[in-house]
Structure formats: structure tokens, C-alpha cells
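This report refers to the structure that appears directly beneath it.
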């Protein structure tokens, strides 16, 4: 009987190293609207759909540099409206909404530790 091919289960968490957990947590909760699922010393687990976002002070203290060549992408139904909402909450975009391929648009910003975050989806939602 042939060996069953090995595959990993679906991705469940993305862990970001942060320097100050309270500052990072405030950004993700207050500006991006993510809900805190659990907090233990040095870690905050945020609800973000099928994949949890975990903020980690221990990882932030050991990783150099803290932010690497990683991009966290939030799929949205209306890039411009989401960008306007986040700007109203004080999020600064270094790249405003722009077309990336066909009907798909993106807008880019950083969290307080420099991690690259993006909004991705259609320019405007269906009316």
C-alpha cells in the first residue's frame, strides 16, 4: 500500500514580534477593530477570521529586525471605504489605494513596530 502524502493542516496563527505589547494591542484593537480573544503575559491573541493574529513581546525582543519581509493582508470588500475609515482612526497609509491587477486594489500601512499591513480587494463595494 502506498504511503499517504503528508500535508500540514491549515494555517492557524501568525505571530508578530512587538516591542511594547500594550501599544501594539491598542493599535490592532482601537484602530483596526480586531477583538482580543486571550491575553497571557507577553502575548495577545486577536480574532481575525480563520487565522489568529498573535502579538508577542518575547519574539519582538529576540528577533532582529523585528519586521521582516512579511506582509499581512486583510481581504476587504471596499478598499477605498476601509482606507477612509482607518484614516479616520489615525492610521497613516504610505501607499494610498491603487490598482494591482484587474479589479483588485490595495492600500498599504504599517503597525507601530513596522510590520507591513495591506488592505486588498475591489476598489469599491457593490452598490
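At a glance:
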quantity: Scan of region 1-36 for residues that are part of a strand (DSSP E or B) and in contact with a helix residue (DSSP H, G or I) (Cβ under 8 Å, 6 or more places away or on another chain), ordered by number; calculated: 15, 16, 17, 35, 36
quantity: Selected residue (criterion: surrounded by the fewest Cβ atoms within 10 Å (Cβ to Cβ)) from residues of region 58-81 that are more than 14 Å from the chain's Cα centre (by Cα) and farther than 22 Å from residue 18 by Cα; calculated: 77
quantity: Exclusive hit being surrounded by 11 or more Cβ atoms within 10 Å (Cβ to Cβ) and touching a residue at least 60 places away in the same chain (Cβ under 8 Å), set 109, 27, 43; calculated: 27
quantity: Given (1) farther than 18 Å from residue 119 by Cβ; (2) surrounded by 13 or more Cβ atoms within 10 Å (Cβ to Cβ), index of the condition residue 35 fails; calculated: (2)
quantity: Number of the condition not met by residue 92 [criteria: (1) over 26 Å from residue 63 (Cβ atoms); (2) at pLDDT 95 or above; (3) loosely packed, with under 15 Cβ neighbours inside 10 Å]; calculated: (1)
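Yes/no matrix, rows are residues, columns are (1) more than 22 Å from residue 107 (Cα to Cα); (2) touching a residue at least 24 places away in the same chain (Cβ under 8 Å); (3) surrounded by 13 or more Cβ atoms within 10 Å (Cβ to Cβ):
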{"position": "3", "(1), (2), (3)": "yes, no, no"}
{"position": "11", "(1), (2), (3)": "yes, yes, no"}
{"position": "49", "(1), (2), (3)": "no, no, no"}
{"position": "56", "(1), (2), (3)": "yes, yes, yes"}
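The values are calculated or read from the model by the stated rules, or taken from the named source; none is laboratory data. Keep in mind that what you see is a predicted model, and the values were worked out from it rather than measured. Here Cβ is always computed from backbone atoms with ideal geometry, including for glycine, and neighbour counts include all displayed protein chains.
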